[in-house]
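Contents: one structure, followed by commentary.
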Amino acid sequence: MATTAKHDRRLREERLGFRVDESTKALIERAAQLERRKLTDFCMTALTDAAHRTIAQHETLVLSDQDRAVFFEALINPPAPSERLQRAFADHKRRIVP
């Protein structure tokens with residue numbers, strides 16, 4: 001058990017500090033009590049879950065059925081490169097490829 005506690009302390013070297021009003025603290029304490037968890041554990045879990053949800057919302061692209069169809073059509077039957085794209089490739093080849 002001592003080894004586990006020591007390991008947990010090493011994992012939690014960083015600190016977050018913030019102040020809350022009295023009613024918010026009471027609300028959070030009540031929720032932690034209802035789940036029979038320590039306040040710190042409850043807060044860590046809640047913050048981590050919220051962070052994962054926020055990141056997922058910002059990193060996930062949701063397409064409509066029409067958007068999905070257009071996307072896959074472009075993959076399966078890509079349009080011919082435009083004049084501008086051809087010039088960009090030629091310029092890239094001239095600069096990058098020996």
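May I ask for the longest run of the chain untouched by trypsin sites (Lys or Arg not before Pro) that are loop-located per DSSP and have at most 12 neighbouring C-beta atoms (other than their own) within 10 Å?
Details: sites that count: R12, R15, R19, R36, K38.
Within the chain, the longest run free of exposed trypsin sites (Lys or Arg not before Pro) spans 39-98.
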Pick out, in residue order, every one of the GluC sites (Glu not before Pro) in segment 11-78 that is DSSP loop and has at most 15 other C-beta atoms within 10 Å; say none if there are none. E13, E14, E35
Taking all protein chains as present, what is the carbon and sulfur share of the accessible area of the chain, in % to the nearest whole number, probe 1.4 Å? 57 percent
What's the angle, to the nearest 10 degrees (0 to 90), between helix 39-59's Cα axis and the longest principal axis of the chain? 10 degrees
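The values are calculated or read from the model by the stated rules, or taken from the named source; none is laboratory data. Only a predicted model underlies this, so the values are computations on that prediction, with no experimental measurement involved. Here Cβ is always computed from backbone atoms with ideal geometry, including for glycine, and neighbour counts include all displayed protein chains. Areas reflect the complete protein model, heavy atoms only, side chains present, ligands, DNA and RNA absent. Shrake-Rupley method; radii C 1.70, N 1.55, O 1.52, S 1.80 Å.
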